[in-house]
Amino acid sequence: MRGVRKAFNIGMPNEAEVLHGIDLSLARGEFCAVMGPSGSGKSTLLNIVGLLDRPSSGSLRICGEETTQLDDHALTRLRGHSIGFVFQYHNLLSAFTALENVMMPMLGDAGFFNDRMAERAADLLGRVGLSRWQDSRVGQLSGGQQQRVAVARSLAMKPPLLLADEPTGNLDTQAADAVFDLLRQANRDSGMAILFVTHNPALAARCDRTIRVVDGMLAGAGQASGVPQA
């Protein structure tokens, strides 16, 4: 991100700029915590990086591709192939099984079902310790189990970038540690970069780097040493 600004209600009396010229680089394989008080701009920052919203000005490059001039179709395709998401509220489809939820990104990309999708989904659920529950509807799972399904789903497309927005915020300490460990392992195994929004300083301390969003600006966003630049 270079000089990224985001304003809402542009041209109206209640126009408000939320991000003020953000410069941020995230390297391949880097696990970066994002911290800051409520209303500081963390969610807006994550929405822009995740191509869910467009910056008002500035440059955003993901995997070497400048995104600010892409049309909606190109943004959707880049987002589907390059970015995984884990949210505080896991956003699983309650009418479907754990296996079916993990398959959804692959099915949405291909437009049809094949056996390889089911095999990959089953493998991912095995990695997060849920093989026994792969045919259970997600409403039958605990909160920690549901979040592990969400982690597995986020890895389905093997994205180089994963955005985690308070993924442990609704979990008890043990479940939160387990979800963090899953993300850390995925980061180490695949070399994916992770932006991890959290209010938990103990978890942030286990990341490679912590940036702080304060009033729409970054503090402590220096490059981590020894990590290859994306």
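No lab work stands behind these numbers, since they all come straight from the coordinates. The structure presented is a predicted model; accordingly, all values stated were derived computationally and were not measured. Glycine gets a Cβ as well: all are built from the backbone with ideal geometry, and neighbour counts include every protein chain shown.
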Between the modelled labels at Thr173 and Ala219 (7 Å from Cα along Cα→Cβ) the distance in nm is 2.8 nm
For a label point 7 Å from the Cα of Arg5 along Cα→C-beta, name the residues of region 52-79 whose backbone N is under 13 Å from it. 55-59
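Set the Förster radius R0 to 25 Å, insert the Cβ-Cβ distance between Thr76 and Glu119 as r into 1/(1 + (r/R0)^6), and round the FRET efficiency to 0.05.
On the way: r = 26 Å, r/R0 = 1.03.
The value I calculate is 0.45.
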Could you run the Karplus curve 6.51 cos²θ - 1.76 cosθ + 1.60 with θ = phi - 60° over region 93-99 and give me ³J(HN,Hα) per residue in whole Hz, x for Gly and Pro? 8, 5, 7, 10, 6, 4, 4
3J(HN,Hα) from dihedral phi, region 129-142, Karplus parametrisation 6.51/-1.76/1.60, rounded to Hz, x for glycine, proline: x, 10, 4, 5, 10, 5, 9, 8, 5, 5, x, 8, 9, 6
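Contour minus end-to-end for Ala16 and Arg137, with contour as 0.36 nm per residue of separation and end-to-end as the Cα-Cα distance? Don't jump to the answer; show the numbers that get you there.
On the way: separation 121, 0.36 × 121 = 43.56 nm, distance 4.25 nm.
That pair, Ala16 and Arg137, stretches by 39.3 nm at full extension.
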Exposure-ranked with fewest Cβ neighbours within 10 Å first, Val4, Val149, Val18 stand as Val18, Val4, Val149
How far is helix 115-127 tilted off the main Cα axis of the chain, in degrees rounded to 10, range 0 to 90? 80 degrees
Any idea which of Phe8, Asn91, Gly144 is furthest toward the positive side of the dipole for the chain, if Lys and Arg beta-carbons carry +1 and Asp and Glu beta-carbons -1? Gly144
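For the chain, what proportion of DSSP beta bridges, expressed in % and rounded to the nearest 5, is antiparallel?
Details: 12 of 30 bridges.
Given both bridge residues lie in the chain, the antiparallel proportion sits at roughly 40 percent.
For the chain, how big is the tail of P(r) above 34 Å, as a whole percent of Cα pairs?
Numbers: 3837 of 26335 pairs.
So the pairs more than 34 Å apart make up 15 percent of the total in the chain.
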